[in-house]
Every structure is written in C-alpha cells, then in structure tokens.
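Notes follow the structure.
Please treat every number below as a calculation from the coordinates, not as lab data. Quantities reported herein were computed from a predicted structural model and do not represent experimental measurements.
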Amino acid sequence: MLGQARDLASGIVTRSFFVGCSERQKEIRRRRKRRLQLGHLRGRLAKATQSEKVEIVRKLRAMTPGSEVLIAAWKLDSVDR
C-alpha cells in the first residue's frame, strides 16, 4: 500500500501522500532522454547547412556540460559561436 493510507474506522483507502521515484531513477531518465536527443542531433548533422550547424552547437551547449568534448568529436570546432 505504498502511497495509500487506510482509514481504520471506515476501511476507506485514500491517497494521503504521493511517493515519487528516487533521484537515481530521475537521473537515469534524464540520461536516456539526453542520449536520444544527441542521436537525433547527430543524425541531422550530416545534411545540415552552416546555420543549422550553429543551431546544433547551441543546443549541445545548452543540453550537456560535456558539450565541448562532443563538439570536438563531431568536428564542429570551426562553427562560429
């Protein structure tokens, strides 16, 4: 009965509090979503114009703290900031 409370007098089950997922599960969900987003950006990179590459670099920088490593690995160093 996780997240539920039973009123002993009436036997009615009510939701008195909500138990959310753990911080670890939240971080795992964020990592998985970030990995999917990176895959989408990587796929768009092959056909991207110069302005689209600038936008991809901007999104990478906003998305992850390790963006500079990815920018170097994806050979986007020459794209203007």
Exercise for the section: Pull out the extension gain between Thr49 and Lys26, defined as 0.36 nm times the separation in residues minus the alpha carbon to alpha carbon distance; nm, one decimal. Expected result: 4.8 nm
Problem - Length added when fully stretched, Thr64-Lys33, from 0.36 nm per residue minus Cα-Cα - result: 10.0 nm
